[in-house]
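The values are calculated or read from the model by the stated rules, or taken from the named source; none is laboratory data. Keep in mind the model is a prediction, meaning the values are calculated, not measured. Heads up, the Cβs are rebuilt from the backbone with ideal geometry, glycines too, and the neighbour counts pull from every protein chain shown. These area figures cover heavy atoms from the full protein model, side chains too; ligands, DNA and RNA do not enter into them. Shrake-Rupley method; radii C 1.70, N 1.55, O 1.52, S 1.80 Å.
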Amino acid sequence: MTRKIVYSVALGVFACTTALTLASLLTTHWVTYSVTAATGSTFSKHLGLHESCSSVADPACRPFPSEADCRDDKTFCSLWRSSGFLLSFATIVELATLVTFLVVLAGGKFKRESGWKLIGGFLMADAVVEFASMGIIAWLYDHDSQFVVPGWNLDYSFYLCTTSASVSVVLAAALAASAFVLPPEDDYETIEDPFDS
C-alpha cells in the first residue's frame, strides 16, 4: 500500500519535473546552430518550439516557424508546430497530475490505497506526450535538410524534456511498486495471547 510519505516525495519530485517541462517549453534552446568565424566572432541561432533567436538579427527573437519559414517546407512547419502543441498539452496533463496528487493525499487512506493507479496513468500519459514531442524534434533534427549543415546540435531544452518524461516513468513505476511492496498503513499487528500457550 502506498503511504502518505511516498506520495509526498513523489509529489515533490513531480513538481520539479513540471518545472523542467515548463523550462523546456519556454526556452529557445531545442536546436542550436553555432559557428565561429575566422575573425573570432561567433554566430549563433537558437530554435525553440515557438520562437527563434539569432545573435545577428534585429530584433534578436521572432516567432518560429513563421510563414516565411513554411513557404518551402510545409511538412517541417507542421511537425514543429505539432511538437510545440504536444508539449503545451503535456503541461496541462502535468497540472492535472499535480491536482490528482493533492486530492489523493488529502483523501484519506482509501484514496491513497487506490490512488496510485490514477496518478500512474496520468504520469504515463504525460511521459508518452513528452516523448512524442521530443521524438518529433529528434526526427526533424536527423532528417530535415536545414540541419545538414555542420554546427547544428540538440540543446538543453531537448534534454530537459527527455529528463522530465523519464522521471515521470520512474515515478509511475515507483508508485506501483510501493503499492505492492509496502504493508497497509495503520494495520493491526497480531499479538500473541498469553493464555493460549
Quick one: in the range 23-69, which of the residues that are surrounded by fewer than 16 Cβ atoms within 10 Å (Cβ to Cβ) and in contact (Cβ under 8 Å) with a residue 40 or more places away in the chain is farthest from THR163 (Cα to Cα)? VAL35
Spot the failing condition for SER114; the list is (1) closer than 20 Å to LEU79 by Cα; (2) without any contact (Cβ under 8 Å) to a residue 24 or more places away in the chain; (3) among the small types (Gly, Ala, Ser), and only one is missed. (1)
Given the options PHE147, PHE110, name the one that is at pLDDT below 95, farther than 15 Å from THR18 by Cβ and open to solvent by less than 40 Å² (accessible area, probe 1.4 Å). PHE147
Need pairs with beta-carbon distance below 7 Å; first residue touching a residue at least 24 places away in the same chain (Cβ under 8 Å) and within the range 147-161, second of a type in the set (Gly, Ala, Ser) and surrounded by 18 or more Cβ atoms within 10 Å (Cβ to Cβ); sequence gap 6+ or separate chains. SER157/SER24; SER157/GLY48; LEU160/SER24; CYS161/SER24; CYS161/SER133
Please go through (1) over 24 Å from the mean Cα position of the chain (by Cα); (2) surrounded by fewer than 13 Cβ atoms within 10 Å (Cβ to Cβ); (3) acidic (Asp, Glu) for ASP142 and return the number of the only condition it doesn't satisfy. (1)
Scan the range 150-197 for residues that are modelled with pLDDT of 90 or more, hydrophobic (A, V, I, L, M, F, W, C) and touching a Phe, Trp or Tyr at 6+ places or on another chain (Cβ under 7 Å) and jot them down. TRP152, LEU154, PHE158, ALA165, LEU171, LEU175, ALA176
Flagged pairs (Cβ under 8 angstrom, 6 or more apart or on separate chains; first in the range 123-138, on the phi > 0 side of the Ramachandran plot; second assigned to a helix (DSSP H, G or I) and of a type outside the set (Asp, Glu)) are none
Taking strands (runs of 3 or more DSSP E) that fall entirely within the range 20-91, which contain at least 1 residues that are touching a Phe, Trp or Tyr at 6+ places or on another chain (Cβ under 9 Å) and not aromatic (Phe, Trp, Tyr)? 31-36, 42-47, 51-54
